[in-house]
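Chemist: What follows is a single structure, and I will ask about it in a moment.
The numbers here are math on the coordinates, done by the rules we state, and not lab data. These numbers were taken from a predicted model, which means no experiment stands behind them. As a convention, Cβ positions derive from the backbone with ideal geometry for all residues, glycine included, and neighbour counts pool all protein chains shown.
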């Protein structure tokens with residue numbers, strides 16, 4: 001097997017899987033205008049993971065680490081869903097943004113009182129895509145499939161809430177429940193993805209392809225195809241860039257997504273004609 | 001020993017008192033217009049600028065490192081004011097969020113090529129407020145007072161920008177000025193307080209008061225008082241319990257925010273109207 005495939009094969013598979021699910025979730029995040037949600041949830045999951053390591057002395061990727069991360073995500077999901085139903089003076093995005101700061105400070109706080117600080121932060125930020133293992137890919141495939149199926153089953157209520165998210169606060173119990181369900185499912189995907197790729201990559205996979213597709217007014221199916229092509233292409237280019245120019249893999253993929261966004265924004269008119277969409 | 005404690009507290013308290021006035025006011029603009037990510041973009045660009053300075057041989061945290069940071073921030077302010085998506089499909093916050101990811105990625109990629117780059121990324125996150133000196137406080141105070149005078153003189157324009165943007169001529173120009181002032185205070189505060197604390201200073205006191213009042217002056221006065229009290233508590237915890245500095249202050253501010261959220265949830269009010277969020 002050529003060395004480039006040996007080195008980049010598994011990272012590419014991981015990016016591929018993340019592209020599929022995060023791309024879809026990104027459309028909802030954009031409609032709800034909760035751009036901070038993934039960084040905040042990822043940071044909450046990171047707090048859980050750091051707490052498991054520093055307070056409960058968990059080792060490596062043990063089950064305890066995932067349980068703590070998931071616990072923190074559940075807490076955050078419940079908080080966001082409930083607070084949105086009660087507070088209308090400031091936007092939910094502001095509340096999520098502040099919860100991110102609190103979570104990040106908690107992470108730094110826990111690391112500050114424990115040794116081994118900055119490598120851990122570097123890891124959370126840029127992840128360890130290059131060191132992917134087959135087990136991680138298989139677990140992610142299984143979890144993402146289950147969650148993808150859950151999203152398929154709940155697509156109607158979740159889409160209807162996403163479409164009317166900015167129109168008013170949600171008072172009914174069922175809206176709070178579906179909101180909670182959305183954030184929990186999103187949180188699980190993010191927790192797992194951040195463990196593999198780091199916060200920045202997950203954020204970029206969620207927001208950038210969805211933004212690129214939103215530049216064109218497309219039908220949902222075509223929109224998803226554009227999102228997936230954009231994300232997979234960026235993974236491919238980013239990984240090659242990192243390989244040949246000796247950069248960290250995660251940030252290189254994000255950079256490729258950013259470049260794609262700039263290119264598409266600049267060439268949106270000919271591309272819109274190509275995709276036959278109204279301008 | 002006593003004089004050392006007095007010196008430690010007087011310098012820190014003086015700086016925090018000065019910083020919080022302007023941060024609370026600008027924070028109110030950011031919260032009410034849902035430009036939550038803008039501060040992280042400027043913070044991260046300031047940090048990136050400082051890292052470019054390090055790459056060029058300027059020592060981190062010295063007077064010379066402010067210059068590249070200022071350039072980076074001015075560039076960021078220009079982009080923030082200039083790039084404003086048309087239509088509802090892409091929220092402005094999404095564009096700002098992507099800029100943040102790009103700035104962070106630029107820092108991480110640069111960190112790859114710097115000796116001990118990882119530590120710089122962490123340093124810019126956590127800050128080094130413990131090293132504050134009186135000359136630094138003086139410079140910061142003078143610049144802050146100048147910006148305060150500027151904002152006081154043009155407060156009507158900026159408030160219109162938040163409340164009635166359609167009535168403002170040259171909207172992008174005033175937006176740019178808002179981001180430039182935000183950027184200048186960022187350049188001053190990030191090397192001292194770090195990205196996270198600078199963000200918390202800006203967002204948390206403003207978000208707390210925005211939940212309870214729409215009046216600008218009242219909000220600044222109460223925001224400053226609450227922020228100052230929270231910072232004092234954080235400072236004492238950090239000094240006497242030997243907790244990490246920046247995170248202690250953010251967590252203390254965060255506790256006040258959570259308390260305010262609980263109060264608002266227990267006593268919801270529709271009088272102030274729904275914040276639509278986003279632009």
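Chemist: From other protein chains only, count the Cβ atoms within 10 Å of every residue's Cβ in B:191-198, then give the mean.
Modeler: Values: counts 0, 0, 0, 1, 2, 7, 3, 0.
The per-residue average across the peptide is 2.
Chemist: OK, next. If I take R0 = 35 Å and measure r between the Cβ atoms of residue B:148 and residue A:82 in this structure, what FRET efficiency does the formula 1/(1 + (r/R0)^6) give, to the nearest 0.05?
Modeler: Step by step, r from the Cβ atoms, then E = 0.40.
Chemist: A further question follows. For chain A, set up a Gaussian network in which alpha carbons nearer than 10 Å are linked by springs, and say which option among A:77, A:214, A:197 fluctuates the most.
Modeler: Of the options given, A:214 has the highest mean-square fluctuation.
Chemist: So, one more: In nm, what is the difference between 0.36 nm times the number of residues separating residue B:139 and residue B:159 and their Cα-Cα distance?
Modeler: Values: separation 20, 0.36 × 20 = 7.20 nm, distance 2.75 nm.
Value of the extension gain: 4.4 nm.
Chemist: What average count of beta carbons from other chains do you get within 10 Å of the Cβ of residues in A:31-37? Could you put the intermediate results ahead of the total?
Modeler: Values: counts 3, 2, 10, 3, 13, 6, 0.
Whole-number average of other-chain Cβ neighbours for A:31-37 is 5.
Chemist: Along Cα→Cβ, 7 Å out, is where each label goes; now give me the distance between the ones at residue A:217 and residue A:6 in nm to one decimal.
Modeler: About 5.3 nm separates the two model spin labels.
Chemist: OK, next. Along the Cα-to-Cβ line of residue A:153, 7 Å from the Cα, sits a label point; which residues in region A:168-208 have backbone N less than 20 Å from it?
Modeler: Under cut-off, by backbone N: A:174-190.
Chemist: Pick from B:175, B:43, B:112: which is most flexible by mean-square fluctuation in a GNM of chain B where alpha carbon atoms under 10 Å apart are linked?
Modeler: B:112
Chemist: Taking 0.36 nm per intervening residue step and subtracting the Cα-Cα distance, what contour gain separates residue B:3 from residue B:113 on full extension? Can you show the working numbers first?
Modeler: Values: separation 110, 0.36 × 110 = 39.60 nm, distance 4.35 nm.
Separation in residues times 0.36 nm, less the Cα-Cα distance, equals 35.3 nm.
Chemist: Could you list A:200, A:184 in order of exposure, starting from the residue whose Cβ has the fewest other Cβ atoms within 10 Å? Before the final figure, lay out each step's value.
Modeler: On the way: A:200 27, A:184 20.
Arranged by neighbour count, lowest to highest, A:200, A:184 become A:184, A:200.
Chemist: Another question, then. For chain A, what is the Kirkwood estimate of the hydrodynamic radius, computed as the reciprocal of the mean inverse distance between distinct Cα atoms, to one decimal in Å?
Modeler: Working: mean 1/r = 0.0517 Å⁻¹.
Here the Kirkwood hydrodynamic radius works out to 19.3 Å.
Chemist: As a footprinting exposure proxy, order A:10, B:80, B:255 by other Cβ within 10 Å, with the fewest listed first.
Modeler: Taking fewest neighbouring Cβ atoms as first place, the list is B:255, A:10, B:80.
Chemist: Just from its helices, what would the mean residue ellipticity at 222 nm be for chain B, if runs of 4 or more DSSP H residues each count -39500 (n - 2.57) and the sum is divided by every residue, rounded to the nearest 500 deg cm²/dmol?
Modeler: On the way: 10 runs with 215 residues, N = 279.
Estimated from H runs of four or more residues: -27000 deg cm²/dmol.
Chemist: Mind sorting A:140, A:248 by how few other Cβ atoms lie within 10 Å of their own Cβ, fewest first? Could you put the intermediate results ahead of the total?
Modeler: Values: A:140 21, A:248 24.
Exposure proxy ranking, most exposed first: A:140, A:248.
Chemist: Efficiency by 1/(1 + (r/R0)^6): what FRET value for residue B:11 and residue B:215, r their Cβ-Cβ distance, R0 = 35 Å, to the nearest 0.05?
Modeler: Numbers: r = 33 Å, r/R0 = 0.94.
In this case the efficiency is close to 0.60.
Chemist: Further, regarding this structure: Counting only C-alpha contacts under 8 Å and six or more residues apart, can you give the relative contact order of chain A as a whole percent?
Modeler: Values: 349 pairs, mean separation 83.7, N = 279.
That works out to 30 percent.
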